[in-house]
Every structure is written in C-alpha cells, then in structure tokens.
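Report on the structure given below.
The values are calculated or read from the model by the stated rules, or taken from the named source; none is laboratory data. Only a predicted model underlies this, so the values are computations on that prediction, with no experimental measurement involved. FYI the Cβ positions are ideal-geometry reconstructions off the backbone, even for glycines, and counts take in every protein chain you see. Calculation scope for accessible area: heavy atoms of the full protein, side chains included, ligands and nucleic acids excluded. Shrake-Rupley method; radii C 1.70, N 1.55, O 1.52, S 1.80 Å.
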Amino acid sequence: ACTGIENIDEAITLLEQNNWDLVAAINGVIPQENGILQSEYGVETLHGPAYGPTSHSAAASSAPSSSSAFRHVVPSRQIVERQPRMLDFRVEYRDRNVDVVLEDSSTVGDIKHILENELQIPASKMLLKGWKTGDVDDSTVLKSLHLPKNNSLYVLTPDLPPPSSSHSGALQESLNQNFMLIVTHREVQREYNLNFSGSSTIQEVKRNVYDLTSIPVRHQLWEGWPSSATDDSMTLAVSGLTFPCHRLTVGRRSSPVQTREQSEEQCTDVHMVSDSDGDDFEDATEFGVDDGEMFGVASSALRKSPMMPENAENEGDALLQFTAEFSSRYGDCHPVYFIGSLEAAFQEAFYGKARDRKLLAIYLHHDESVLTNVFCSQMLCAESIVSYLSQNFITWAWDMTKEANRARFLTMCTRHFGSVVAQTIRTQKTDQFPLFLIIMGKRSSNEVLNVIQGNTTVDELMMRLMAAMEIFSAQQQEDIKDEDEREARENVKREQDEAYRISLEADRAKREAQEREMAEQFRLEQIRKEQEEEREAIRLSLEQSLPPEPKEESTESVSKLRIRTPSGEFFERRFLASSKLQVVFDFVASKGYPWEEYKLLGTFPRRDVTQLDPNKSLLEVKLYPQETLFLEAKE
C-alpha cells in the first residue's frame, strides 16, 4: 500500500536487506519513487542507496523521533545514496510474452541479452520497439529514459524468416507429451516420480513439490534444471528437459545473512525468482503427507489439470470441467453440481413455487489449500452429506485457485450479495479454504446464512446444514401461506374477471344484434323508398304521356269509363272510342295501379280486360259508349 511493490520476492529481498525492519524497508523504498526525502530540516536530494547497512542504522536511530511512521529522518545536509529502481518490462514477440525485471542502471543491450536466452534469437537480429522516447541503441542506460515502473515493448526480427509450420507442429506435439520427473529430496534422500504434461510450467512443478516436501517455493534450491530453464513461467516443453524422463534434485535453501554484494546480485536476477502465493504450511505432514501421497491421492496425479479453466467465457462449460475433474479426483459420490451460471442457479433455487424452493449452497474450491483434499474426500463426498444436499439444496461450485476466476466470482458476489459479503470472502486466507456458503432467497434480496470454512468435521458440517434448513423451513412456511393466500385472491379475481368478460360478451352480442336489425330495417326502408320513388316516376311519366281527355261536346265518338278501386273509390274519364286499350291501362297505372300488379275486370259480361290485346281500340273491345270496370289485385 505504501510502496506499490506487488512482487513478494522483491519485498522479501528488501526486508532481508534491512534485517526485517519494516519501517526502514518502507522508508528505503519511498524515496526511489518520489525522488526526495523529507527531513526535520528541509528537503534533501537522493544520490545513493536509501537502504542498506549504513542507512538502516540511521533509520533505526532516528525513527522514534519521526513525526510519521514512514518518514525517514536524517540530519540536514546528509547525503543519501540512491538505490537503483527495478523496472518491469513485458516484451511481446509473435505469440509469446516475456517478463523482464531489471535495474534502471542496466542498458537496453542487457534486455536484449535476456531475450536472447528466452527467445533463442541473436541479439544482433533484434529490433526492440515501443520506447516512449523513440528509438534507442544498445548502450542507452534505462535510467536516462525516465521510464515508469511498468513498460510494454515488442521485438521485430525483419532479418529472420517466419517460423515454419513444421516447427509449430513439433512444438504442439511437445506440449502434448508427458514428462516423467524423478525428483530427489536431498535432506531425506527420497525420490518422487511425478508425471506432468508438456504444457505444465516450472512454477507448477515447484508448487507440487512444495506439497510433497513442505519446502516453500522461494526456499527451494534446485539442481538439474537445463540452462535454458530461466523463467518459472516457462513450459516444460520448451525448457530443454530430457524426454521422456529427467532427474532433478531439490533441497531447502539456507538463509545466512546476505552481504551487500549478494543482495544486489539477487535484486538483479529478480526476474528469475519464483512466485509463492499464499501462506506456507511448514508442517504439511499433519495433514497426511506420507510416502509421496497426500490425502490418499498419488503424488504423480496431483493437480494434473485445473478444476476450472482460467478466464472461461461460459460458466456452464467451466462447471462441466469442474464436475468432471472433481469426479476424477474424489470419485463419483459427490454433490450434484448445478451446471449453469450463478443467476440460473438463483432462478432454480429461489424463483419457483414456494413449495419447490431450496437453499443454495456455493462451494468455493482452492487447490493451494492443504485442507482441500481432506474436506472434499472425507466431508463433501460423505454419503450423508451428499444425500442431504441433494434433497434440500441446489449446489453450485467455483474454483478460486486462479486469480482471474477469483476476481470474477468476487464481482458476481458483490452484484448479488453486496460488498460486505464480497469483502468477507476476499479476506479469507488460503488455508481457510475451501468455503461453503449457504444462501437463502428472500423477497427483496439474497441472504448469506452461513459461511463454513474447510477446517470442520462431517458432524459439524451436517449440524450447520440442518440449522440452515430450520431457518429456511420457517421462512418457507410463511412463503407458502402467503402464496396460497395470494393464489386464492387471484382465483377470486380471475372468476370475477371471467364473469365480467361473459357479461361484456353478452352485452356486445345484444348490441350487435340490435345494430344488425336497425341496419336491416334501414336497408328495407331504403329499398321501399327507392321503389316508391321509382313508381312515382313511372306514374308521372305515364300521366304526362296520356292524351288529353276529350270534351263531352266533342264531335268524335267518346267512351266514358267508370273505374272502381279495391278500396271502393271511383274515378271516371272520357276516352276517344278510337283510342287503344293501352291508353286505359296507362291511365289506371298513373293512378297507382300498374297493370302488372292489378287486373281490370269488366262487370257484364265478367271478363279480364287486361288479357285483351292492348293495341285494339275501345270500340273493338266493346268498351263503348260507357262501361264500369273494377280493379282487383293479382295473386
């Protein structure tokens, strides 16, 4: 937090140089980042190392009078030598990345020499690009470039041909091969036969050897590694090991008081020191390490493959690999892990009907904890635990070994449970894993009922699971009661809505029938009006087409016709005896009695006049000089 140093080996080196005086070590590092040193009398420029035997004694004597625990108080005008800064370089070449750590007093050529060993490329063929200040030459001192602590560079080799496909194929074949490493523990004169794939790294080998020998990685002293194996991140396939079998020897590194020259040499080679994550458990024999085996698992089979791929894009695929690897390590008798995302597990456990809901158990695995194998093999795979989890829990798992997977779970944890739970899990040490989280879904949030650590027993684990079930059962009964009441209310509402819908349908059908009836009446009325208008037009046309009525004193023969209507009314008219019978029909039609609908009957003799030839004259049909006729509707 104070110095920004994240590399544990660099931090340990600084502490050892200051005889494990924390304040002196921090005061020695702060000036190298700030470039100034606070004193009681003013600001002094740094010109030399800020820590070491001389500066440490000054720091130790002046620390009690300092106003700050991290202020290095020195007499005014004291000249302090500057310790060279350590610079980190990430160098990219084609499909490889090489990490290089050097002092800022080194030159660009020093970086090339390191890359020459790593990449097997002559330094003269390299073009090192990516400098913020433009191109530099091999003699340029890094300090003169004023570089930040972390830098990214890339290598170009225009004079070299691209790698052939045969070389890539050979490399891929080498990565798929299995190497037998015969490791001799020097102190106890014991051999271990370990099988590793070519894609395993040297760091993985050292961590596995730590599990067997209880020698922390940073304290391991090795013999037998090829000269090309200069970086713990290097895979076995490219490290130069003898295939298929290679012999190595490991012992515990002694830790005498280092001289200043040794300390500087160790700082220069920081890029070759192995990382050691987590706490070191020196007495691993307490947990079952015996004759090359740990917790009943052969040492040759330890962690052949990770429980979960790093940076897995799909959580379901990651859980499939987790389940398969868990079965291969601990057998088929284990909890049934939910395959899917954490959100899907929530849906399965919490968002069904109240009677079908379950608790959610989240198992957090960590391969680097010495408790993991005991917890998995003796507790998590116990038949009673497996049966109880299957009946009452949805079990979801995640692997916290890889930093990327750990960060991803903490992000999910913050989103679903809040920052307090995430911080609780974040502060758990490696030896406290594995963890078992018991989650209960509530109306508005998800509650973590219990966090069970790996240092427990089968009986205690069962008791805590049962205690969580008691809490959940009480909550579940309340939820069932609320759900039943809600369903009853919804059923009543549905019945009311259905009755209302039927009533609306009946009203709408009645209204539509009325509308149809009115529309039909309107249509018939329109037809009737049109027919009346048509009849009136015909009547008027006939009335206008009639010849004028002759006068009584006319010299021509005149026939007088008297016509009786079906209603009993009479109307009379005079016609010329020479007029055609059609004229009489037109006259009757002009009065509203068309001959298509009515018959014109004579009285004596009784005859149907409408059956006579309309082109004959009145005289010819014997309607002269006068005649009474009556109208009768046709059938």
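Note on exposure: I425, I339 ranked by accessible area (1.4 Å probe, complete protein assembly) read I339, I425, with the most exposed listed first.
Semi-axes of the equivalent ellipsoid for the stretch 317-479, computed as √(5λ) from the eigenvalues of its C-alpha gyration tensor and ordered from largest down, come to 23, 19, 15 Å.
Sorted on the mean count of surrounding Cβ atoms within 10 Å across their residues, most packed first, peptides 117-123, 106-112 read 106-112, 117-123. Here r is the Cβ-Cβ distance between A509 and E597 and R0 is 45 Å; the resulting FRET efficiency, rounded to 0.05, is 0.65. Of the solvent-accessible surface of the stretch 383-470, computed with a 1.4 Å probe and all protein chains present, 49% belongs to carbon and sulfur. Can you bin the stretch 556-631 into rounded, prolate or oblate? Criterion: square roots of the alpha carbon gyration tensor eigenvalues sorted a ≥ b ≥ c, rounded for a/c under 1.5, prolate for a/b above b/c, oblate for the rest. Judged from the Cα gyration tensor, the stretch 556-631 comes out rounded (a/c under 1.5). Between rounded, prolate and oblate, where does the stretch 350-446 land on the alpha carbon gyration tensor, with a ≥ b ≥ c its root eigenvalues, rounded for a/c under 1.5, else prolate if a/b exceeds b/c? The shape class here is oblate.
W595 sits with roughly 100 Å² accessible to a 1.4 Å probe, with DNA, RNA and ligands left out of the calculation. Would you please classify the overall shape of the stretch 197-237 from the alpha carbon gyration tensor, given that a ≥ b ≥ c denote the square roots of the eigenvalues, rounded means a/c under 1.5, and beyond that prolate means a/b larger than b/c while oblate covers the rest? Oblate shape, in that a/c is at least 1.5 and b/c is the bigger or equal ratio. Maximal additional length on extending the I5-Q391 stretch stands at 134.1 nm, based on 0.36 nm per residue less the C-alpha distance.
With 10 Å bins beginning at zero, the pair-distance distribution over Cα atoms of the stretch 407-520 amounts to 11, 23, 20, 12, 10, 9, 8, 5, 2, 0 %. Of the whole protein surface, R253 contributes about 110 Å² of accessible area at a 1.4 Å probe radius. Heavy-atom accessible area, probed at 1.4 angstrom with all protein chains present, ranks K493, K402 as K493, K402, highest first. Heavy-atom accessible surface of H366, to the nearest 10 Å², is about 10 Å², with a 1.4 Å probe and all protein chains retained. With a Förster radius of 25 Å, plug the Cβ-Cβ distance of E116 and E187 into 1/(1 + (r/R0)^6) and report the FRET value to the nearest 0.05. My answer for the efficiency is 0.10.
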